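**Student:** Sharing a structure here in structure tokens format.
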Amino acid sequence: MTQQHDRELDVRGAKCPEPIIKARQALQQLGVGQILRVLATDPGSVNDFKGWAKAAKNLELVGQEQIPGEDGKSVYVHLVRRTV
């Protein structure tokens, strides 16, 4: 996934609910239409971000993918666009 993004947030090593909390804080600092790229290692973040996108009124989940990390463990990439 080579989607352009305006800011990147690295929350690798953080467990639920920390990735969502930090992403929410970072997203509030972006302008409408800007995209936040979040890097997480918690597999639960995939469903957490999907649920957050369904419940929230100010964002859109643009994409998600799983990529290999430097240590051989999976990294989950979430792209979130601020809509309001």
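**Student:** Pick from the stretch 34-45 the residues that are open to solvent by less than 40 Å² (accessible area, probe 1.4 Å) and touching a strand residue (DSSP E or B) at 6+ places or on another chain (Cβ under 8 Å): which of them is nearest to Arg82 (Cα to Cα)?
**Tutor:** Ile35
**Student:** So, one more: Select from the stretch 49-64 the residues that are open to solvent by 30 Å² or more (accessible area, probe 1.4 Å) and among the small types (Gly, Ala, Ser) and list them in ascending order. Explain how you work it out, then say what you get.
**Tutor:** Looking only at the stretch 49-64, we keep the residues that are open to solvent by 30 Å² or more (accessible area, probe 1.4 Å), and these are 50-52, 54-55, 57-58, 60-62, 64.
Scanning the stretch 49-64 gives Gly51, Ala55.
**Student:** What are the residues in the stretch 65-79 that are open to solvent by less than 60 Å² (accessible area, probe 1.4 Å), out of contact with any Asp or Glu (no Cβ under 7 Å at 6 or more places or on another chain) and part of a strand (DSSP E or B), if any?
**Tutor:** In the first step, residues of the stretch 65-79 are kept if they are open to solvent by less than 60 Å² (accessible area, probe 1.4 Å); the result is 65, 67, 69, 74-79.
Add one more test, that the residue is out of contact with any Asp or Glu (no Cβ under 7 Å at 6 or more places or on another chain), and what stays is 65, 67, 69, 74-76, 78-79.
Glu65, Ile67, Ser74, Val75, Tyr76, His78, Leu79, listed by residue number.
**Student:** Just need a number here: residues in the stretch 1-59 that are free of Cβ contacts under 8 Å to residues at least 60 places away in the same chain, under 19 Å from Ser74 (Cα atoms) and either more than 12 Å from the chain's Cα centre (by Cα) or part of a loop (DSSP other than H, G, I, E, B) (or both).
**Tutor:** Counting residues in the stretch 1-59 that are free of Cβ contacts under 8 Å to residues at least 60 places away in the same chain, under 19 Å from Ser74 (Cα atoms) and either more than 12 Å from the chain's Cα centre (by Cα) or part of a loop (DSSP other than H, G, I, E, B) (or both) gives 11.
The values are calculated or read from the model by the stated rules, or taken from the named source; none is laboratory data. Just so we're clear, the structure is a prediction, and the values are computed from it rather than from any experiment. Note that we place each Cβ from the backbone using ideal geometry, even for glycine, and neighbour counts take in every protein chain shown. These accessible areas exclude ligands, DNA and RNA; they are computed on the full protein's heavy atoms, side chains included. Shrake-Rupley method; radii C 1.70, N 1.55, O 1.52, S 1.80 Å.
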